[in-house]
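Read through the structure below, which is laid out as C-alpha coordinates, and then see the notes.
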Amino acid sequence: MGHLLEYSGIVTKTRAMESRLLSPGQFQELASLHTIPEAVEYLKKNTAYAETLESLEPTQLHRGNIEKLLTQSLYRDYTKLYRFCGQKQRKFMELRLKSYEIDLIDYCLRIVINHYKRPFDLHYKKEFFDRYSQLSIDRLITSRTTDELVENLKGTEYYDPLKKLQDAQKVTLYDYDLALELYFFTTLWKARKKMLKKEDLELYERDCGSQIDLLNMQWILRAKKYYNMKPADIYLLIIPIHYKLSTAQIKEMVEAAGIEELQTLVSQTRYGRQYHFQKNPDMEQMYSECLHHLYLIDRRRNPYSIAAVNTYLFLKEEEIKKLTTTLECIRYGLSPGETMTYVGGRTQ
(Lines give C-alpha, C1' and ligand atoms only; values in the text may rest on other atoms or scores of the structure.)
Protein backbone atom coordinates (compact mmCIF):
# COMPACT_ATOMS: atom_id res chain seq x y z
CA MET A 1 0.00 0.00 0.00
CA GLY A 2 2.90 2.33 0.79
CA HIS A 3 4.39 1.91 -2.69
CA LEU A 4 0.98 2.49 -4.27
CA LEU A 5 0.57 5.80 -2.48
CA GLU A 6 4.19 6.79 -3.02
CA TYR A 7 4.08 6.21 -6.77
CA SER A 8 0.46 6.83 -7.76
CA GLY A 9 1.10 10.40 -8.93
CA ILE A 10 4.23 9.66 -10.92
CA VAL A 11 2.68 6.54 -12.49
CA THR A 12 -0.33 8.56 -13.69
CA LYS A 13 2.04 11.16 -15.13
CA THR A 14 4.27 8.67 -16.96
CA ARG A 15 1.26 6.87 -18.46
CA ALA A 16 -0.08 10.14 -19.83
CA MET A 17 3.32 11.03 -21.29
CA GLU A 18 3.86 7.58 -22.75
CA SER A 19 0.53 7.74 -24.58
CA ARG A 20 2.06 10.60 -26.61
CA LEU A 21 5.05 8.60 -27.85
CA LEU A 22 5.09 7.66 -31.53
CA SER A 23 3.43 4.40 -32.57
CA PRO A 24 5.01 1.88 -34.98
CA GLY A 25 2.51 3.03 -37.61
CA GLN A 26 3.64 6.64 -37.26
CA PHE A 27 7.27 5.63 -37.76
CA GLN A 28 6.25 3.76 -40.92
CA GLU A 29 4.41 6.84 -42.19
CA LEU A 30 7.45 8.99 -41.46
CA ALA A 31 9.71 6.53 -43.29
CA SER A 32 7.56 6.84 -46.42
CA LEU A 33 8.16 10.60 -46.69
CA HIS A 34 10.70 12.04 -49.12
CA THR A 35 12.04 15.26 -47.63
CA ILE A 36 12.95 16.72 -44.25
CA PRO A 37 10.34 19.53 -44.56
CA GLU A 38 7.65 16.87 -45.15
CA ALA A 39 8.82 14.94 -42.09
CA VAL A 40 8.86 18.03 -39.86
CA GLU A 41 5.40 19.00 -41.06
CA TYR A 42 4.17 15.48 -40.29
CA LEU A 43 5.60 15.67 -36.76
CA LYS A 44 3.97 19.06 -36.22
CA LYS A 45 0.53 17.89 -37.35
CA ASN A 46 0.40 14.36 -35.97
CA THR A 47 2.59 14.01 -32.89
CA ALA A 48 3.39 15.48 -29.49
CA TYR A 49 6.42 17.22 -31.04
CA ALA A 50 4.19 19.98 -32.49
CA GLU A 51 5.06 22.45 -29.74
CA THR A 52 8.72 21.43 -29.75
CA LEU A 53 9.13 22.08 -33.48
CA GLU A 54 6.85 25.11 -33.69
CA SER A 55 9.72 27.62 -33.53
CA LEU A 56 11.64 25.94 -36.38
CA GLU A 57 11.92 28.22 -39.41
CA PRO A 58 12.11 26.82 -43.00
CA THR A 59 15.77 27.89 -43.17
CA GLN A 60 16.58 25.84 -40.05
CA LEU A 61 15.40 22.46 -41.31
CA HIS A 62 18.59 20.47 -40.96
CA ARG A 63 19.58 17.69 -38.62
CA GLY A 64 21.51 19.79 -36.10
CA ASN A 65 18.67 22.16 -35.29
CA ILE A 66 16.05 19.42 -35.19
CA GLU A 67 18.23 17.26 -32.94
CA LYS A 68 18.63 20.14 -30.48
CA LEU A 69 14.87 20.59 -30.22
CA LEU A 70 14.33 16.85 -29.74
CA THR A 71 16.94 16.85 -26.95
CA GLN A 72 15.16 19.77 -25.31
CA SER A 73 11.92 17.77 -25.38
CA LEU A 74 13.69 15.01 -23.41
CA TYR A 75 14.92 17.56 -20.87
CA ARG A 76 11.39 18.97 -20.52
CA ASP A 77 10.05 15.49 -19.83
CA TYR A 78 12.77 14.88 -17.25
CA THR A 79 11.80 18.18 -15.60
CA LYS A 80 8.10 17.29 -15.53
CA LEU A 81 8.83 13.92 -13.91
CA TYR A 82 11.31 15.40 -11.44
CA ARG A 83 8.65 17.81 -10.19
CA PHE A 84 6.26 14.90 -9.58
CA CYS A 85 8.86 12.84 -7.73
CA GLY A 86 9.20 12.57 -3.98
CA GLN A 87 12.55 12.86 -2.24
CA LYS A 88 13.48 9.18 -2.68
CA GLN A 89 12.47 9.16 -6.33
CA ARG A 90 14.51 12.30 -6.99
CA LYS A 91 17.62 10.47 -5.84
CA PHE A 92 17.02 7.99 -8.63
CA MET A 93 16.47 10.82 -11.11
CA GLU A 94 19.85 12.23 -10.09
CA LEU A 95 21.44 8.88 -10.91
CA ARG A 96 19.72 8.94 -14.28
CA LEU A 97 21.05 12.46 -14.93
CA LYS A 98 24.62 11.20 -14.88
CA SER A 99 24.23 9.72 -18.37
CA TYR A 100 23.36 13.18 -19.72
CA GLU A 101 26.40 14.62 -17.94
CA ILE A 102 28.68 11.98 -19.47
CA ASP A 103 27.28 12.78 -22.94
CA LEU A 104 28.02 16.47 -22.40
CA ILE A 105 31.62 15.85 -21.32
CA ASP A 106 32.12 13.48 -24.27
CA TYR A 107 30.91 16.20 -26.62
CA CYS A 108 33.27 18.77 -25.11
CA LEU A 109 36.21 16.37 -25.35
CA ARG A 110 35.55 15.85 -29.04
CA ILE A 111 35.45 19.59 -29.60
CA VAL A 112 38.79 20.35 -27.96
CA ILE A 113 40.62 17.26 -29.24
CA ASN A 114 39.49 17.75 -32.86
CA HIS A 115 40.01 21.55 -32.74
CA TYR A 116 36.70 22.45 -34.33
CA LYS A 117 36.59 26.01 -35.65
CA ARG A 118 33.11 26.61 -34.24
CA PRO A 119 33.75 24.99 -30.91
CA PHE A 120 30.75 24.91 -28.66
CA ASP A 121 27.03 25.03 -29.37
CA LEU A 122 25.53 24.28 -25.98
CA HIS A 123 23.20 27.18 -25.33
CA TYR A 124 20.15 24.93 -25.81
CA LYS A 125 21.34 22.74 -22.90
CA LYS A 126 22.30 25.52 -20.52
CA GLU A 127 18.97 26.09 -18.74
CA PHE A 128 18.56 22.40 -17.98
CA PHE A 129 22.13 21.87 -16.76
CA ASP A 130 22.12 25.05 -14.70
CA ARG A 131 19.07 23.75 -12.87
CA TYR A 132 19.87 20.08 -12.32
CA SER A 133 23.54 19.39 -12.94
CA GLN A 134 26.84 19.87 -11.15
CA LEU A 135 28.42 20.75 -14.53
CA SER A 136 28.80 24.38 -15.55
CA ILE A 137 28.36 24.94 -19.27
CA ASP A 138 29.66 28.49 -18.82
CA ARG A 139 32.97 27.06 -17.60
CA LEU A 140 33.18 24.16 -20.06
CA ILE A 141 32.77 26.33 -23.16
CA THR A 142 35.89 28.33 -22.27
CA SER A 143 38.04 25.20 -22.69
CA ARG A 144 40.44 25.08 -25.62
CA THR A 145 42.55 22.08 -24.59
CA THR A 146 41.89 18.84 -22.74
CA ASP A 147 43.90 20.16 -19.78
CA GLU A 148 41.66 23.23 -19.57
CA LEU A 149 38.56 21.09 -19.92
CA VAL A 150 39.61 18.79 -17.08
CA GLU A 151 40.43 21.79 -14.88
CA ASN A 152 37.00 23.24 -15.65
CA LEU A 153 35.52 20.04 -14.20
CA LYS A 154 37.20 20.69 -10.86
CA GLY A 155 34.69 20.46 -8.04
CA THR A 156 32.65 17.80 -9.85
CA GLU A 157 32.81 14.03 -9.45
CA TYR A 158 34.32 13.68 -12.95
CA TYR A 159 37.49 15.62 -12.19
CA ASP A 160 39.49 12.89 -10.44
CA PRO A 161 38.98 10.05 -12.96
CA LEU A 162 39.97 12.33 -15.86
CA LYS A 163 42.78 14.09 -13.97
CA LYS A 164 44.56 10.74 -13.62
CA LEU A 165 44.93 10.57 -17.41
CA GLN A 166 46.73 13.91 -17.74
CA ASP A 167 50.06 12.53 -16.56
CA ALA A 168 49.94 9.63 -19.04
CA GLN A 169 51.55 9.87 -22.47
CA LYS A 170 49.68 9.83 -25.77
CA VAL A 171 46.23 9.99 -24.21
CA THR A 172 43.52 9.77 -26.88
CA LEU A 173 39.82 10.58 -27.01
CA TYR A 174 39.22 6.85 -26.70
CA ASP A 175 41.09 6.81 -23.36
CA TYR A 176 38.96 9.64 -21.99
CA ASP A 177 35.75 7.99 -23.21
CA LEU A 178 36.74 4.70 -21.60
CA ALA A 179 37.62 6.38 -18.29
CA LEU A 180 34.22 8.09 -18.22
CA GLU A 181 32.32 4.89 -19.07
CA LEU A 182 34.11 2.86 -16.41
CA TYR A 183 33.58 5.58 -13.82
CA PHE A 184 29.92 5.99 -14.77
CA PHE A 185 28.92 2.34 -14.39
CA THR A 186 31.00 1.59 -11.31
CA THR A 187 29.57 4.70 -9.62
CA LEU A 188 25.98 3.73 -10.46
CA TRP A 189 26.54 0.23 -9.12
CA LYS A 190 28.11 1.42 -5.87
CA ALA A 191 25.45 4.08 -5.29
CA ARG A 192 22.44 1.81 -5.75
CA LYS A 193 22.19 0.53 -2.15
CA LYS A 194 22.54 3.99 -0.66
CA MET A 195 19.83 5.52 -2.83
CA LEU A 196 17.29 2.73 -3.39
CA LYS A 197 15.53 0.21 -1.16
CA LYS A 198 13.75 -3.15 -1.55
CA GLU A 199 11.73 -3.45 -4.77
CA ASP A 200 13.29 -0.39 -6.38
CA LEU A 201 16.78 -1.73 -5.61
CA GLU A 202 15.99 -5.12 -7.14
CA LEU A 203 14.63 -3.53 -10.31
CA TYR A 204 17.59 -1.20 -10.64
CA GLU A 205 20.12 -3.99 -10.08
CA ARG A 206 18.49 -6.12 -12.76
CA ASP A 207 18.43 -3.33 -15.34
CA CYS A 208 21.83 -1.82 -14.57
CA GLY A 209 23.52 -5.21 -14.06
CA SER A 210 22.16 -6.56 -17.35
CA GLN A 211 23.30 -3.43 -19.18
CA ILE A 212 26.83 -3.85 -17.77
CA ASP A 213 26.93 -7.54 -18.81
CA LEU A 214 25.74 -6.71 -22.31
CA LEU A 215 28.18 -3.82 -22.72
CA ASN A 216 31.09 -5.99 -21.61
CA MET A 217 30.18 -8.63 -24.20
CA GLN A 218 29.73 -5.94 -26.86
CA TRP A 219 33.12 -4.38 -26.12
CA ILE A 220 34.88 -7.76 -26.14
CA LEU A 221 33.34 -8.58 -29.52
CA ARG A 222 34.28 -5.21 -31.01
CA ALA A 223 37.82 -5.37 -29.62
CA LYS A 224 38.40 -8.74 -31.29
CA LYS A 225 36.43 -8.17 -34.50
CA TYR A 226 37.50 -4.65 -35.44
CA TYR A 227 40.76 -4.00 -33.59
CA ASN A 228 42.31 -7.46 -33.16
CA MET A 229 43.20 -6.52 -29.59
CA LYS A 230 45.14 -8.85 -27.31
CA PRO A 231 43.45 -10.27 -24.17
CA ALA A 232 45.59 -8.12 -21.84
CA ASP A 233 44.31 -4.96 -23.56
CA ILE A 234 40.71 -6.17 -23.67
CA TYR A 235 40.67 -6.71 -19.91
CA LEU A 236 41.31 -2.97 -19.51
CA LEU A 237 38.02 -2.23 -21.34
CA ILE A 238 35.82 -4.31 -19.11
CA ILE A 239 33.60 -2.81 -16.42
CA PRO A 240 34.75 -4.63 -13.25
CA ILE A 241 31.24 -5.76 -12.31
CA HIS A 242 29.64 -9.14 -12.99
CA TYR A 243 25.88 -9.52 -12.73
CA LYS A 244 24.76 -12.70 -14.50
CA LEU A 245 28.06 -13.31 -16.26
CA SER A 246 30.66 -15.10 -14.14
CA THR A 247 34.33 -14.22 -14.04
CA ALA A 248 35.02 -17.52 -15.80
CA GLN A 249 32.64 -16.66 -18.66
CA ILE A 250 34.25 -13.26 -19.16
CA LYS A 251 37.69 -14.87 -19.17
CA GLU A 252 36.64 -17.44 -21.78
CA MET A 253 35.25 -14.71 -24.05
CA VAL A 254 38.28 -12.43 -23.71
CA GLU A 255 40.68 -15.31 -24.46
CA ALA A 256 38.60 -16.89 -27.24
CA ALA A 257 40.77 -17.91 -30.21
CA GLY A 258 38.58 -16.23 -32.81
CA ILE A 259 35.27 -14.51 -33.59
CA GLU A 260 33.43 -17.78 -34.26
CA GLU A 261 34.43 -19.21 -30.87
CA LEU A 262 33.51 -15.93 -29.17
CA GLN A 263 30.07 -15.89 -30.81
CA THR A 264 29.48 -19.45 -29.63
CA LEU A 265 30.37 -18.45 -26.07
CA VAL A 266 28.03 -15.43 -26.24
CA SER A 267 25.21 -17.64 -27.52
CA GLN A 268 25.65 -19.89 -24.46
CA THR A 269 25.10 -17.06 -21.95
CA ARG A 270 21.64 -16.45 -20.50
CA TYR A 271 21.36 -13.39 -22.75
CA GLY A 272 22.40 -15.26 -25.88
CA ARG A 273 19.98 -18.11 -25.20
CA GLN A 274 17.05 -15.78 -24.54
CA TYR A 275 17.64 -13.66 -27.66
CA HIS A 276 18.77 -16.47 -30.00
CA PHE A 277 22.19 -14.94 -30.62
CA GLN A 278 23.43 -18.01 -32.52
CA LYS A 279 20.78 -17.47 -35.24
CA ASN A 280 21.26 -13.70 -35.39
CA PRO A 281 24.76 -12.80 -34.12
CA ASP A 282 24.19 -9.05 -33.88
CA MET A 283 25.47 -7.88 -30.50
CA GLU A 284 24.07 -4.35 -30.77
CA GLN A 285 20.61 -5.65 -31.64
CA MET A 286 20.71 -8.10 -28.72
CA TYR A 287 21.73 -5.23 -26.41
CA SER A 288 18.80 -3.09 -27.56
CA GLU A 289 16.25 -5.92 -27.52
CA CYS A 290 17.27 -7.10 -24.07
CA LEU A 291 17.05 -3.67 -22.43
CA HIS A 292 13.75 -2.92 -24.15
CA HIS A 293 12.32 -6.21 -22.89
CA LEU A 294 13.65 -5.70 -19.35
CA TYR A 295 12.22 -2.21 -18.94
CA LEU A 296 8.77 -3.20 -20.20
CA ILE A 297 8.67 -6.36 -18.06
CA ASP A 298 9.77 -4.42 -14.96
CA ARG A 299 7.00 -1.89 -15.42
CA ARG A 300 4.38 -4.54 -16.13
CA ARG A 301 5.29 -6.57 -13.04
CA ASN A 302 5.90 -3.59 -10.76
CA PRO A 303 3.72 -0.72 -12.05
CA TYR A 304 3.94 1.25 -8.79
CA SER A 305 7.71 1.45 -8.55
CA ILE A 306 10.72 3.30 -9.94
CA ALA A 307 10.20 1.22 -13.11
CA ALA A 308 7.49 3.69 -14.19
CA VAL A 309 10.03 6.51 -14.43
CA ASN A 310 12.91 4.37 -15.67
CA THR A 311 10.89 2.80 -18.47
CA TYR A 312 9.44 6.07 -19.70
CA LEU A 313 12.83 7.82 -19.89
CA PHE A 314 14.31 4.82 -21.69
CA LEU A 315 11.47 4.81 -24.26
CA LYS A 316 11.77 8.57 -24.78
CA GLU A 317 15.53 8.38 -25.30
CA GLU A 318 15.06 5.47 -27.67
CA GLU A 319 12.39 7.37 -29.62
CA ILE A 320 14.66 10.39 -30.09
CA LYS A 321 17.47 8.19 -31.40
CA LYS A 322 15.05 6.57 -33.86
CA LEU A 323 13.62 9.88 -34.95
CA THR A 324 17.11 11.24 -35.61
CA THR A 325 17.98 8.11 -37.61
CA THR A 326 14.71 8.29 -39.55
CA LEU A 327 15.33 11.91 -40.52
CA GLU A 328 18.87 11.05 -41.61
CA CYS A 329 17.56 8.19 -43.76
CA ILE A 330 15.02 10.51 -45.38
CA ARG A 331 17.76 13.04 -46.04
CA TYR A 332 19.80 10.43 -47.92
CA GLY A 333 16.82 9.11 -49.86
CA LEU A 334 16.62 5.61 -48.39
CA SER A 335 13.53 3.52 -49.08
CA PRO A 336 10.90 3.04 -46.34
CA GLY A 337 12.02 -0.56 -45.90
CA GLU A 338 15.67 0.41 -45.48
CA THR A 339 14.72 3.15 -43.02
CA MET A 340 12.64 0.79 -40.88
CA THR A 341 15.53 -1.66 -40.84
CA TYR A 342 17.81 1.03 -39.42
CA VAL A 343 15.35 2.03 -36.71
CA GLY A 344 14.56 -1.57 -35.79
CA GLY A 345 10.93 -1.47 -36.88
CA ARG A 346 9.87 -1.07 -33.26
CA THR A 347 8.97 1.74 -30.89
CA GLN A 348 7.28 0.36 -27.78
* **Close pairs from segment 121-138: first open to solvent by less than 60 Å² (accessible area, probe 1.4 Å), partner of a type in the set (K, R), Cβ under 8 Å, at least 6 apart** => Y124/K68; I137/K125; I137/K126
* Given the residues L61, L53, L33, L69, which is the only one that is of a type outside the set (S, T, N, Q), more than 17 Å from K125 (Cα to Cα) and modelled with pLDDT of 90 or more? -> L33
* When you look at L22, is it at pLDDT 95 or above, in contact with a Lys or Arg (Cβ under 6 Å, 6 or more places away or on another chain) and open to solvent by less than 80 Å² (accessible area, probe 1.4 Å), yes or no? -> no
* Structure fact -> Only unsatisfied item for S267, checking (1) touching a Phe, Trp or Tyr at 6+ places or on another chain (Cβ under 7 Å); (2) small (G, A, S); (3) open to solvent by 90 Å² or more (accessible area, probe 1.4 Å), is (3)
* Pick from segment 147-183 the residues that are of a type in the set (D, E, K, R) and over 18 Å from I111 (Cβ atoms): which of them is nearest to the chain's Cα centre (by Cα)? -> E181
* Does T12 satisfy the criteria of being open to solvent by less than 20 Å² (accessible area, probe 1.4 Å), within 30 Å of D200 (Cα to Cα) and either at pLDDT 90 or above or not in a helix (DSSP H, G or I) (or both)? -> no
* Structure fact -> Within segment 160-171, residues in a loop (DSSP other than H, G, I, E, B), surrounded by 11 or more Cβ atoms within 10 Å (Cβ to Cβ) and not aliphatic (A, V, I, L, M) come out as K164, Q166
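The values are calculated or read from the model by the stated rules, or taken from the named source; none is laboratory data. From a predicted model like this one, the values you see are computed outputs, not experimental measurements. As a convention, Cβ positions derive from the backbone with ideal geometry for all residues, glycine included, and neighbour counts pool all protein chains shown. Remember, those area values only see protein heavy atoms, side chains included, never the ligands or the DNA or RNA. Shrake-Rupley method; radii C 1.70, N 1.55, O 1.52, S 1.80 Å.
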